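Dumping the structure here so I can ask a few things about it.
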Amino acid sequence: MPTQGIKGGQFKVLSEEEIYQVHLATLQVLEEVGIKVEHRPALELMVDNGCKVDFKKQIVRIPEYVLKKSLQSAPSRITLYGKKHDFDVVLDDTNTVYTMGGAGATWVLDLDGKRRPATLRDLVDLTRLQDVLENMHIAHFLVLPQDIPQEGADRIVFATMLKHTQRPHHTIPGGPQGVKDHIKMASILAGDTDRLLQTPFYLENVCVESPLYHPKERVEELMEVAKYGIPMLIEEDAVAGATTPFTLAGTLVEQNANILCAIALAQMVNPGTPCIYSISSGIMDMRVGNYSAAAPESTLLHVATAQMAHFYHLPFQGGNTCDSKIPDAQMGYERASHFLALALGGCNIIHVATGNLEQMRLASYEQCLLDNEILGAIFRIVEGVTINKDTLGVEVLKEVGPQGNFLAHDQTLKYLRKTRWIPKLTDRRNWEAWEIDGAKDIRNRARDEVRRILREHNPQYVSEDMQREIDKVAKEAQKRVLEKVNSR
């Protein structure tokens with residue numbers, strides 16, 4: 001069975017008329033309210049391209065014709081390259097579904113059940129672990145190591161990801177200089193910068209803030225990424241009821257205006273820059289004053305946003321972690337309901353798909369494998385039922401006849417591995433067989449498998465000479481950042 005590029009899109013929460021209503025409301029916000037953009041060169045560029053700018057208040061208003069022209073140059077198809085072509089990911093504005101690993105936890109739930117600060121060793125091990133998961137297609141730094149200086153840490157994290165995964169991977173720049181440092185390291189692996197830009201194997205993530213705000217450093221990052229034409233996620237992490245309107249429809253409008261403004265700016269910098277419309281939004285639980293990643297309303301918001309992105313012919317990334325703190329029953333229903341809706345909703349990249357708990361604060365080794373299992377089942381559901389002359393089985397029924405048995409029939413053997421999902425952790429045996437084998441629950445089985453993978457999977461994707469060169473660039477880059485911070 002295929003494990004990537006499954007066709008979703010069967011689940012729609014907005015009608016075509018409702019999509020158009022959100023679009024019209026977005027145009028009204030862009031033309032009448034505007035977006036605050038804290039970077040004068042960006043404001044000047046937007047004026048030159050037909051936007052109305054209040055330089056004193058740093059507010060940009062975008063006419064419909066300017067937005068339309070800008071979006072026309074944004075590609076609908078984006079390819080991210082793995083170290084082998086088997087791991088290439090082709091994103092477009094259709095409903096093809098991929099996944100991206102978990103993101104940026106500062107805490108780890110280790111294999112002894114202890115919650116502790118994440119380390120650089122955890123980043124290496126979790127990257128190696130996720131590298132073998134067939135249902136994880138784009139790598140992400142699952143943890144932010146807390147045992148290294150935080151200023152300029154993105155350089156160390158980027159170098160680590162380059163060395164330990166064969167998949168395309170995600171990164172976040174630590175300012176515009178971080179974009180340049182990432183390109184310098186990636187060019188070592190690619191051979192040179194031209195080859196890197198022809199076959200990019202990573203994507204940058206630039207976040208805008210709600211409501212309707214583009215901070216200076218994020219705008220600088222966006223313009224630097226666009227200058228080189230590196231693929232980028234343009235992301236908003238709204239909290240409905242706090243940083244955006246309480247209604248999901250109102251949040252849709254705010255997100256749409258904010259993200260489309262950023263995509264338009266990227267196209268003004270460099271027409272054709274690959275941009276992925278992205279959110280990691282959720283709702284505010286008013287009872288406790290906390291963000292909820294896994295609420296059903298958060299899931300609806302992501303499915304609806306996928307429809308909006310595709311309306312503009314843009315690839316879409318969405319997805320949230322779970323609210324549960326440990327791999328328990330709450331985790332199971334949160335992950336399954338969220339992932340299934342996103343896959344059926346045609347989310348091109350399901351974000352935070354492996355390893356995160358506690359609203360992205362926590363990473364779990366066991367959770368990586370549990371998520372991989374859940375995703376495998378979901379991909380099989382989304383794949384659906386194949387109807388053709390052979391699968392309808394009329395000739396098979398003639399051959400076997402009433403009260404016959406199909407176990408040894410050629411058709412059974414033909415389709416067994418093609419159409420049946422074969423789980424790796426799920427136990428389907430009877431009680432007695434399970435008890436004889438140690439009566440382990442799925443979390444214990446996942447823990448055993450993690451230990452086996454980390455013991456056996458030690459690939460070397462980058463030569464030792466390249467590793468030394470990449471590490472040298474990363475350390476020197478972080479040193480410059482630290483010197484700049486200490487000189488203030």
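What residue, among those in the range 357-382 that are touching a helix residue (DSSP H, G or I) at 6+ places or on another chain (Cβ under 7 Å) and in a strand (DSSP E or B), is farthest from residue 289 (Cα to Cα)?
Ranking the qualifying residues of the range 357-382, first place goes to 363.
Considering the range 164-179 alone, what residues qualify as being surrounded by fewer than 19 Cβ atoms within 10 Å (Cβ to Cβ) and of a type outside the set (Gly, Ala, Ser)?
To start, the set of residues in the range 164-179 that are surrounded by fewer than 19 Cβ atoms within 10 Å (Cβ to Cβ) comprises 166, 175-177.
Listed by number, the residues that qualify are 166, 176, 177.
Next up: Out of (1) among the charged types (D, E, K, R); (2) in a loop (DSSP other than H, G, I, E, B); (3) farther than 29 Å from residue 150 by Cα, what's the single condition that is false for residue 83?
Status for residue 83: all satisfied but (3).
Also: When you scan the range 383-398, do you find a residue that is of a type in the set (D, E, K, R), free of Cβ contacts under 8 Å to residues at least 60 places away in the same chain, in contact with an Asp or Glu (Cβ under 7 Å, 6 or more places away or on another chain) and surrounded by fewer than 19 Cβ atoms within 10 Å (Cβ to Cβ), even just one?
There is no residue in the range 383-398 that is of a type in the set (D, E, K, R), free of Cβ contacts under 8 Å to residues at least 60 places away in the same chain, in contact with an Asp or Glu (Cβ under 7 Å, 6 or more places away or on another chain) and surrounded by fewer than 19 Cβ atoms within 10 Å (Cβ to Cβ).
Same structure, new question: Are there any pairs, at least 6 apart or on different chains, whose C-beta atoms fall under 9 Å, with the first in the range 28-43 and of a type in the set (Asp, Glu) and the second in a strand (DSSP E or B), and if so, which?
From the range 28-43, the pairs are 31/52; 31/61; 32/61; 38/213; 38/214.
Which residue pairs have Cβ atoms under 9 Å apart, sit 6 or more places apart or on different chains, and have a first residue in the range 208-222 that is farther than 16 Å from residue 239 by Cα and a second that is charged (D, E, K, R) and assigned to a loop (DSSP other than H, G, I, E, B)?
214/38; 215/38; 216/38; 217/38; 218/38; 219/38
Considering only residues that are outside any loop (DSSP other than H, G, I, E, B), in contact (Cβ under 8 Å) with a residue 60 or more places away in the chain and closer than 17 Å to residue 76 by Cα, which ones fall in the range 266-295?
Hits for the range 266-295 are 266, 267, 268, 275, 276, 278.
Yes or no: residue 252 under 22 Å from residue 314 (Cα atoms) and buried (at least 24 other Cβ atoms within 10 Å of the Cβ)?
Numbers: under 22 Å from residue 314 (Cα atoms): yes; buried (at least 24 other Cβ atoms within 10 Å of the Cβ): yes.
Yes; evaluated as a whole, the condition is true for this residue.
Which of the strands (runs of 3 or more DSSP E) contained wholly in the range 86-136 include at least 1 residues that are among the hydroxyl-bearing types (Ser, Thr, Tyr) and crowded, with 16+ Cβ neighbours inside 10 Å? Even if it seems obvious, please write down each step before you answer.
Details: elements: 89-91, 96-99, 107-109, 115-117.
So the answer is 96-99.
Looking at 151, 204, which is the one that is within 22 Å of the chain's Cα centre (by Cα), over 26 Å from residue 453 (Cα atoms) and of a type in the set (Asp, Glu)? Step through it out loud before you land on a result.
Working: 151 fails: within 22 Å of the chain's Cα centre (by Cα).
Going through 151, 204 in turn, the sole match is 204.
Give me the pairs: first residue in the range 180-207 and without any contact (Cβ under 8 Å) to a residue 60 or more places away in the chain and closer than 16 Å to residue 169 by Cα, second residue among the aromatic types (Phe, Trp, Tyr) and assigned to a strand (DSSP E or B), beta-carbon distance under 8 Å, and six or more apart or on different chains, which are they?
Every condition considered, the pairs that remain are 182/202; 186/202.
No lab work stands behind these numbers, since they all come straight from the coordinates. Everything numeric in this text was worked out from a predicted model, so none of it was measured. Note that each Cβ is placed from the backbone with ideal geometry, even for glycine, and that neighbours are counted across all protein chains shown.
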